[in-house]
Amino acid sequence: MAKFTLYFKDKPIYSGIYDAGVIHIGRDETNELVVDSLAVAPAHAVVVIKDGGSVIKQLNEKFPLLINNQVTKEWNLRNNDVINVGKHYIIYSLTESFLDTEPFTAPAIFSHDADVLALNQKLEHGNKQQEANLQIMDGPHIGRILPLRKAMTRLGHEGAGVVVIARRKDGYYVSALQGHSGLAVNKQPLGENTILLQHNDVIEVDKTPMQFFLE
């Protein structure tokens, strides 16, 4: 899995772990990684995680993408790479499930930082965010419960539309990952929207309705 830790003035302010999907970085609150700085574009960059690798791409020509202080438009992220975003920076690292070698070790300048250790412990042990699930409402798997425990949950298959549900601090957000046909929330086409799910909302993927509910 891929881990992103956002720093400001050498202090960690957010950390997230993702196993697959698309991670948006930018100033807008709809991004998975929100960087509160005017030096950052509302939609600054996007990271695509798949097949054990992560590729970051620039989204706005007016806001350069810097990796390890080098300007680039696209980059295959490697363990301990630094994404420079204004006065902030994001350290990309890999958890043990992606690495066959030793687990991630923070750069030496941060290795003694108690804030980093506390943040990692909080992330690993989870927080008190309300848990959520999906229940399939029709078809051969009717009644089946799908827990939403991961940072990102992918639903659907290529050719029939794919959505991703991102678990954030303020709730669960659904957006289209591939295709738009047959993807809907409460019978309204999902399109290119990112929607904060509410208790009892109904998501439809490939003609299969699933009800979102909070525990």
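Things worth noting here:
- The slack between Lys207 and Arg149, meaning 0.36 nm per residue of separation minus the straight C-alpha distance, is 18.5 nm.
- Cross-link pairs Lys50/Lys187; Lys150/Lys187; Lys3/Lys50; Lys11/Lys87; Lys169/Lys207 - those with Cα-Cα distance over 19 Å: Lys50/Lys187; Lys150/Lys187; Lys169/Lys207
- Fully extended contour minus Cα-Cα distance, from His157 to Ile136, at 0.36 nm per residue: 6.0 nm
- Chain lengthening between Leu196 and Lys87 when straightened (0.36 nm per residue, less Cα-Cα): 36.4 nm
FYI, it's all coordinate maths here, none of it is from the lab. Please read these numbers as outputs of a predicted model, since none were measured by experiment.
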